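Novice: Below you'll find the structure I mean.
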Amino acid sequence: MRGLKQIIESSDNIHTGIAAAPGIVIGKAYIYRKEILNINQDVIEDVENAIVLFRESLEKSKKELLKVFSVAKDQMGEKRAAIFEAQLMILDDPFLKSSIEERIRKEKRQPESIVHDEISKYQQMMKMAHESYMKERALDIDDIKNRIVKNLQKRRWESKISNDVIVVSDHITPADTILFTKFNVKGYITVYGGLTSHAAILARSLDLPAVLGVHKITEIIKTDDNVIIDGFHGLVYVNPTEKQIEFYTNKIKHLEEINASLAELHDKPAMTTDGHEIDLYANVDVSGEVHLVITNRAKGIGLYRTEQIIEELGEFPDEDQQTKIYSNLATRLYPQPLTIRAFDIGGDKVKFLDHEEANPFLGLRGVRLLLANPKLFREQIRAVLKASINKNILFMIPMISSIHEIIDSKNLIEECKKELTAEKIQFDKNIQIGIMVEVPSAAVMAQDFAELVDFVSIGTNDLIQYIMAVDRGNDVVAYLYQEFHPAIVRTINYIVHGSKRANCKVSICGEMAADTLAIPLLVGLDLDSFSISPAVLPTAKKIIRSFSYEKAKELANDCLQLNSQEKILKRIEQFFKENNIQRTRNIL
Ligand code: PEP
Ligand code: MG
């Protein structure tokens, strides 16, 4: 079968946009155009009658929205449907209502022109906000504005579209989305809208593939054209070729197979057959991945690599920018926890120094660089604290290798807490502080270090590189980068036991935890939780549910006695066979 790259390279019927909701769908397009409203600007004589009409139309709009709200609650649950509650609050805003009535009295103009004007002003204010989130909300308010105007004009809301189509539109409001569910719409393509738009949020809740922000797409596609949406890669195919249809039909079949076996596990815990539960968290590099954390039912985020923000923005975010980013993420996840890792700058990651270091991996990296640049560290600590008011943030320090780094970091955190208290800024006073154990010296000192913190997370990506003395990015010595090397297995065991003696929970957030082969061994080594890429969460859960903790402990004990990677791997293969576990990976 041809690969996606070939399919894309050989075609000019492909349009790209934002991959707003995952999934693939093939179907007929339906161009959904909003009527352009003619606003009557005429002068009126009977002001009191106009006020009555305005109030009636407001009530009618409210009733309609309440109906949409209740359908939304059925379709996607109370929490997601809160979008409509927010819209209802706008209709209830006494200030908006009184300013409209005041203007009708004063200007003696048709109420629809004043409603249009006032709500547009409201939207304009939101559009000027810096956060893309607020800008998106401004577009959604069109729905309320048009609803009141139509009710004032005593016209019916146009709400019919064909069944089973892919909707192509300039912009989709939340209420449109709910309307579409009645017609079994298969997916959306829009010209405007981003990842945080309600069209995107709702599409993800309703499990409908969506590609948004596709330039001029309503001018390119016509109703009844054949269309493919690839919501994983943000691709839209207009009148696809046979090859493209074949490629995506196979993909859909493959997805269905995976989903069928994983879907039944969605609401089940990651528990072994004898009742030992492992908490599965997600690693997040860019905020766009957060929807996967939610759809794949992670218990929260176990590792948020903040240095990626610098990559994304192309500059260091200041305290305010960071506060906004962290608050946003924590709110989206609430009540699930968000583990923010302090900037791990240096090594082969984001550059900070002007000069080259001879051995960057052994140089000024992670906590070393942060302590050497207290202004940078303080700004991040203050931002994390400020975002912690809902008490679902944990803070984690990378590259700890000596006890002084823990003490100095904690002192800085305490100083920042004092500053914020003096500034009367609220934060979580009991925010949990943890460390990454990813350097051999920290592994050896695990118990002593764990006594000073609230949690420990093992970073096997670095731990393997530093224990094996193998650059994690160097192909020439890649054969020595062995996650099943006895030294690695025994070190993990040592860290877990040391941390537990200090009453500390231990997690693992390196790639090793996402390796299906490693999962039973890590469960047997007694890790409390794993933090892995969200896309592999369902597969990891499936594996954990297919063996017993007792057998995993036996496996771990056996592996701890073996003296080579080959022998350990052989023992693990035997475990997979005996327990009849398939080694399929989630390949999205
Ligand atoms: C690790 O070292 O295992 C880890 C999770 O951190 P990073 O890959 O960001 O260095
Ligand atoms: Mg690391």
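The values are calculated or read from the model by the stated rules, or taken from the named source; none is laboratory data. Because the structure is a prediction, the values reported are computed rather than measured. Please note: Cβ atoms are built from the backbone with ideal geometry, for glycine as well, and neighbour counts cover all protein chains shown. Calculation scope for accessible area: heavy atoms of the full protein, side chains included, ligands and nucleic acids excluded. Shrake-Rupley method; radii C 1.70, N 1.55, O 1.52, S 1.80 Å.
Novice: With charges set only on the Cβ (+1 for Lys and Arg, -1 for Asp and Glu), what does the dipole of the chain come to about its Cα centre, in debye to the nearest 20?
Specialist: Details: 75 positive and 84 negative charges, 256 e Å.
Using only the charged Cβ atoms, the result is roughly 1240 debye.
Novice: Still on this structure: List the pairs from 299/351; 375/429; 121/386; 62/108; 299/577; 349/375 whose alpha-carbon separation is above 23 Å, in the order I gave them.
Specialist: The pairs that break the limit, which is 23 Å between Cα atoms, are 299/351; 121/386; 62/108; 299/577.
Novice: Now, a different point. Quick check: the distance between the Cα centres of the stretch 565-582 and the stretch 235-260, to the nearest angstrom?
Specialist: 34 Å
Novice: Just name one of 529, 113, 168: the one whose Cα is farthest towards the positive end of the charge dipole of the chain (beta-carbon charges, Lys/Arg +1, Asp/Glu -1).
Specialist: Checking the options against the dipole of the chain, the answer is 113.
Novice: Mind ranking 263-272, 365-374 by how tightly packed they are, going by the mean number of other C-beta atoms within 10 angstrom, highest first? The partial results should precede the final answer.
Specialist: Values: 263-272: 14.3, 365-374: 19.9.
The packing order, highest mean first, is 365-374, 263-272.
Novice: Quickly estimate the mean residue ellipticity at 222 nm for the chain, helices only: each DSSP H run with n ≥ 4 gives -39500 (n - 2.57), and the total goes over all residues, rounded to 500. Walk me through the numbers before you get to the answer.
Specialist: Details: 24 runs with 288 residues, N = 588.
That calculation yields -15000 deg cm²/dmol at 222 nm.
Novice: Next up: Students often forget the sequence filter, so: which aspartates and glutamates lie under 18 Å Cα-Cα from residue 500 once same-chain residues fewer than 8 apart are removed?
Specialist: Straight-line reach from residue 500, under 18 Å: 277, 279, 438, 448, 451, 454, 526, 528.
Novice: Follow-up question, since we're still on this one. What whole number of Å gives the distance from the Cα centroid of the stretch 295-342 to the Cα centroid of the stretch 473-501?
Specialist: 28 Å
Novice: Can you bin every Cα-Cα distance in the stretch 47-152 into 10 Å intervals starting at zero and give me the percent of pairs per bin, rounded to whole numbers?
Specialist: 15, 44, 31, 10, 1
Novice: Residue 170 to residue 70: extension gain in nm, 0.36 nm per residue of separation minus the Cα-Cα distance? Mind showing how you got there, number by number?
Specialist: Working: separation 100, 0.36 × 100 = 36.00 nm, distance 2.61 nm.
Value of the extension gain: 33.4 nm.
Novice: For the stretch 311-423, state the average projected area of the convex hull of the C-alpha atoms over all orientations, rounded to one decimal in nm².
Specialist: Values: hull surface 30.3 nm².
Approximately 7.6 nm², given one-decimal rounding.
Novice: Quick one: length gained pulling residue 93 to residue 359 fully straight, 0.36 nm per residue minus the C-alpha distance?
Specialist: Values: separation 266, 0.36 × 266 = 95.76 nm, distance 6.07 nm.
This chain segment gains 89.7 nm when fully extended.
Novice: Take each of the peptides 165-172, 220-227, average the number of other beta-carbon atoms within 10 Å over its residues, and list them starting from the highest. The partial results should precede the final answer.
Specialist: Working: 165-172: 23.6, 220-227: 16.9.
In descending order of packing, they fall as 165-172, 220-227.
Novice: So, one more: Students often forget the sequence filter, so: which aspartates and glutamates lie under 14 Å Cα-Cα from residue 243 once same-chain residues fewer than 8 apart are removed?
Specialist: Leaving aside aspartates and glutamates fewer than 8 places away in the same chain, those within reach of residue 243 are 9, 12.
Novice: Find the accessible area per residue for the chain; the probe is 1.4 Å, ligands and nucleic acids are left out, and the unit is Å². Don't jump to the answer; show the numbers that get you there.
Specialist: On the way: 27500 Å² over 588 residues.
For the chain, the per-residue accessible area is 47 Å².
Novice: Semi-axes, largest first, in whole Å: what does sqrt of 5 times each Cα gyration tensor eigenvalue give for the chain?
Specialist: Square roots of five times the eigenvalues give 49, 31, 21 Å.
Novice: Right, something else. Could you please state, rounded to a whole Å, how far the C-alpha centre of the stretch 100-124 is from the C-alpha centre of the stretch 344-378?
Specialist: 56 Å
Novice: Excluding residues on the same chain fewer than 8 positions from residue 127, give the lysines whose Cα lies under 22 Å from its Cα.
Specialist: 34, 97, 135, 145, 216, 324
Novice: For residue 426 and residue 241 in the same chain, what is the full-extension length gain: residue separation times 0.36 nm, less their Cα-Cα distance, in nm?
Specialist: Details: separation 185, 0.36 × 185 = 66.60 nm, distance 5.78 nm.
So the chain would gain 60.8 nm between residue 426 and residue 241.
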